[in-house]
Amino acid sequence: MGYPFNKLAFGKDGEYVTTVIEIPKGSTLKVEWRRHEELFALDRVEPGIFAKPTSYGFIPQTLDEDGDELDVLLVTTEPLPMGLVIEETRVIGMVDFEDDGENDHKIICVPVDDRHSGEIKHVDELGEQWKRQITHHFTHYKDLKKGGTLVRGITGPEDAWKVIRECSDRAQADKWW
């Protein structure tokens, strides 16, 4: 039996999203969720210099323009294990990202109940250095593999919610589950 993440709601519009973790912060394993088979699969092993800078996951019941669930960068102090469901993550921004010519947005979130970092509401609160590191990571993580990436910018929660709604509508229209 697989993981029935398709039964999870995407969240509460304008307030929070549900996030499922695919890759823990610091991991070099590129794991991908295969929704039709309901399993996690290893896509590739990255060089150590391209370890994930945050835990990486997706929002259930969304489909981005690349055909995959909408990606999430979940900012926490600790790595989170693969398969973990966080039912309430606050949307604080988005990496406007292109991968091999396709839009592949990265929604930036924090846990709603994070008593270590407080109540971060906007990606700007993470600082310019954090943004530079994320931009650098996603600009170069495929340098040793065929394919190209482009970070068009890091934007706030308003832009992120627009993309989330579009991806939720796309998933509802697709009705793959």
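The values are calculated or read from the model by the stated rules, or taken from the named source; none is laboratory data. Everything numeric in this text was worked out from a predicted model, so none of it was measured. Glycine also receives a Cβ, built like all others from the backbone with ideal geometry; neighbour counts cover every protein chain displayed.
What number of residues within region 131-173 satisfy the criterion of being among the hydrophobic types (A, V, I, L, M, F, W, C), assigned to a helix (DSSP H, G or I) and farther than 15 Å from Ile107 by Cα? Total meeting the criteria: 2.
Going by the structure shown, is Glu37 part of a strand (DSSP E or B), closer than 30 Å to Lys146 by Cβ and not hydrophobic (A, V, I, L, M, F, W, C)? Show your work before the answer.
On the way: part of a strand (DSSP E or B): no; closer than 30 Å to Lys146 by Cβ: yes; not hydrophobic (A, V, I, L, M, F, W, C): yes.
In short, no.
Just one of the numbered conditions (1) in a strand (DSSP E or B); (2) closer than 19 Å to Tyr141 by Cα is not true of Val17: (2).
What number of residues within region 85-111 are in a loop (DSSP other than H, G, I, E, B) and exposed (fewer than 15 other Cβ atoms within 10 Å of the Cβ)? I'd like the intermediate steps shown before the answer.
The initial filter retains those residues of region 85-111 that are in a loop (DSSP other than H, G, I, E, B), namely 100-101, 104-105.
Restricting the remaining residues to those that are exposed (fewer than 15 other Cβ atoms within 10 Å of the Cβ) gives 100-101.
Total satisfying the criteria: 2.
Going through (1) surrounded by 15 or more Cβ atoms within 10 Å (Cβ to Cβ); (2) on the phi > 0 side of the Ramachandran plot; (3) of a type in the set (D, E, K, R) one by one, Lys131 falls short only on (2).
The rows are residues; the columns are (1) closer than 20 Å to Ile21 by Cα; (2) in contact (Cβ under 8 Å) with a residue 60 or more places away in the chain.
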site	(1), (2)
Met94	yes, yes
Glu98	no, no
Gly101	no, no
Asp104	yes, no
His116	yes, no
Gln133	no, yes
Thr139	no, no
Val163	yes, yes
Ala171	yes, yes
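Note on region 52-76: residues that are over 22 Å from Asp13 (Cβ atoms), assigned to a loop (DSSP other than H, G, I, E, B) and at pLDDT 95 or above amount to 4.
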